[in-house]
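Comments concern the structure below.
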Amino acid sequence: MKNLLFFAFAALVALASCQPQAASFKLTGQLEGATDKIVTISIYDKDGVNVKDTLSITDGVVNYSTELAEPVFVLLGEAGSRNTLNFFAENVDYTINGSLDKIAEAEVTGGAVYNVYKSVSDAVKEIGEKNNELKKAYGEAGQAGDTAKQKVIYEEYQANQESLEKVQMDVVEANPMSPASAFIVNNVFGHGAIEEMKEGLAKLDASLNTSTYYIALSEKITKLEAVAVGQMAPDFTMNDPEGNPVALSSFKGKYLLVDFWASWCGPCRRENPNVVKLYAEFKDKGFDILGVSLDQKEDAWLKAIEDDQLTWNHVSDLKGWGNEAAKLYAVSGIPHTVLLDKEGKIIAKNLRGEELHAKIAELLN
């Protein structure tokens with residue numbers, strides 16, 4: 001339960017799903033400073049955040065409508081800006097009042113699903129502000145060498161995080177039929193273990209099984225089960241830096257570390273020296289590495305390979321997070337490693353540093 005963005009205290013909206021639905025999502029009101037600027041409305045679904053439409057605003061007057069296939073999480077803001085107003089939208093009437101410069105602070109009213117999300121977002125904002133203060137205090141205590149104070153601050157921070165986890169589940173349990181709950185479960189459990197994901201889905205009413213967020217988590221479970229420890233690694237073929245196709249299955253007969261990384265990934269680059277030493281020690285004993293880059297820029301990818309002296313095999317389709325192998329292996333964060341035995345069976349995942357070295361040494365020495 002590590003993705004704690006957007007959520008907090010539960011609000012009971014008992015009759016939310018019983019309200020009649022309008023034919024479209026309508027957003028009206030005032031948004032000062034928006035005239036002559038491109039204002040977009042984006043949708044966050046299983047494919048990420050994608051722009052759905054552009055709002056036409058005259059003299060600050062907002063008058064927009066569209067039909068939504070289902071209740072969805074949306075982001076409203078000036079094109080190209082990270083300053084956005086985030087809320088849950090459905091096919092009912094909404095109002096907005098505020099300014100484009102401070103759009104995140106704009107006042108919005110809407111339907112029942114919006115109200116569930118709003119109660120959560122208000123509370124998470126409050127907890128987030130407290131934790132930001134604690135982070136600052138923790139750093140100041142560290143500079144002063146006060147480790148005792150740091151320990152107290154850390155414990156308070158952890159208590160806040162636990163409270164945040166609890167209130168997220170409170171909102172789901174209070175509103176098991178709300179699409180907002182499917183969104184919460186997807187975000188809270190989406191980066192956890194398979195059993196945690198299943199536990200999250202079990203909290204939702206069966207009527208939500210057509211929700212984008214329910215489907216996204218369900219599909220992720222299916223993908224993760226296919227690449228779980230004990231499964232045969234799904235084969236894929238991708239081009240190396242010279243444009244030659246390289247198949248995963250071509251490495252059978254050796255223990256293989258499939259290393260998902262990118263030139264822009266700080267933790268990946270910091271781990272690379274450990275992997276270089278590992279490769280040097282075991283490359284002649286039946287061990288190999290296949291680096292799969294989530295880069296988009298070829299120059300940056302190749303430079304990182306050279307700078308970090310990564311002398312093993314490398315492939316990439318230069319699609320970033322859309323990397324086909326990464327999607328096949330349900331990679332949600334990097335560095336991400338998958339260790340295969342000589343037959344191509346997955347025997348371990350996400351081993352790094354000394355833990356990875358110990359495992360390879362155990363297999364080969």
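The values are calculated or read from the model by the stated rules, or taken from the named source; none is laboratory data. Keep in mind that this is a model prediction, so the values were computed, not measured. With ideal geometry, Cβ positions are generated from the backbone for all residues, glycine too; neighbour counts draw on all protein chains shown. These accessible areas exclude ligands, DNA and RNA; they are computed on the full protein's heavy atoms, side chains included. Shrake-Rupley method; radii C 1.70, N 1.55, O 1.52, S 1.80 Å.
Close amide H contacts of W312 (hydrogens built in the peptide plane, cut-off under 5 Å, sequence separation of 5 or more or a different chain): none are found.
Packing-based ranking of 339-346, 266-273 yields 339-346, 266-273, ordered from highest to lowest mean Cβ neighbour count within 10 Å. Per residue of the chain, the DSSP helices (runs of n ≥ 4 H) give a summed -39500 (n - 2.57) that works out to -12500 deg cm²/dmol at 222 nm.
Per residue, the stretch 111-156 exposes 63 Å² of accessible surface when a 1.4 Å probe is rolled over the protein heavy atoms with every protein chain present. Within straight-line reach of K26, meaning a Cα separation under 30 Å, sit the following lysines at least 8 residues removed in sequence or on another chain: K37, K46, K52, K102, K118, K125. Summarising the amide proton neighbourhood of G60: residues at separation of 5 or more, or on other chains, whose placed amide H is nearer than 5 Å comprise A34, T35. Computed from Cα atoms alone, the Kirkwood hydrodynamic radius reported for the stretch 226-363 is 14.8 Å.
So for the chain, taking the charge dipole from beta-carbon charges (+1 Lys/Arg, -1 Asp/Glu), which of T35, V315, M169 sits furthest toward the positive end? Looking along the dipole axis, the top candidate is V315. The ellipsoid equivalent to the alpha-carbon distribution of the stretch 188-300 has semi-axes of 34, 17, 15 angstrom, derived from the gyration tensor eigenvalues as √(5λ) and listed largest first. What translational D, rounded to a whole number of µm²/s, comes out for the stretch 93-173 from Stokes-Einstein when the hydrodynamic radius is the Kirkwood one over Cα pairs, at 25 °C and 0.890 mPa s? The diffusion coefficient I find is 163 µm²/s. Shown for the stretch 28-128 is the translational diffusion coefficient from the Stokes-Einstein equation, using the Kirkwood radius over Cα pairs, a temperature of 20 °C and a viscosity of 1.002 mPa s: 155 µm²/s. Using a Gaussian network model of the chain in which every pair of alpha carbons under 10 angstrom is joined by a spring, one finds that among E90, E32, E354 the greatest mean-square fluctuation is at E354. A straight Cα-to-Cα reach below 12 Å connects K277 with the aspartates and glutamates D308, E354, residues fewer than 8 places away in its own chain not being considered.
Between amide H atoms placed 1.01 Å from N, distances below 5 Å from C265 occur with no residue 5 or more places distant or on a separate chain.
In the calculated pair-distance distribution of the stretch 116-226, the portion above 18 angstrom amounts to 57 percent of the Cα-Cα pairs.
What the phi angles of the stretch 286-291 give under the Karplus curve with 6.51, -1.76 and 1.60, with θ = phi - 60°, is a coupling list of x, 10, 9, 10, 10, x Hz, glycine and proline written as x.
For the stretch 236-252, the Karplus equation 6.51 cos²θ - 1.76 cosθ + 1.60, evaluated at θ = phi - 60°, returns couplings of 8, 10, 8, 7, 8, x, 8, x, 8, x, 10, 9, 4, 5, 6, 9, 4 Hz by residue, with Gly and Pro reported as x.
The angle between the Cα long axis of helix 298-307 and the longest principal axis of the Cα atoms of the chain comes to about 50 degrees, rounded to the nearest 10. Simple point charges give the picture: +1 on the Cβ of Lys and Arg, -1 on the Cβ of Asp and Glu, and for the stretch 82-231 a dipole about the Cα centre of about 320 debye. Max-minus-min Cα coordinates of the stretch 276-330 on each principal axis give 34, 25, 12 Å, with the largest extent listed first. Surface composition of the chain: carbon and sulfur make up 49 percent of the accessible area, probe 1.4 Å. For the stretch 185-250, the solvent-accessible area with a 1.4 angstrom probe is 48 square angstrom per residue.
Taken about its Cα centre, the chain carries a charge dipole of about 600 debye when Lys and Arg each add +1 at the Cβ and Asp and Glu each add -1 at the Cβ. Based on Cα atoms of the chain, Rg over Rh with Rh as the Kirkwood radius reads 1.03.
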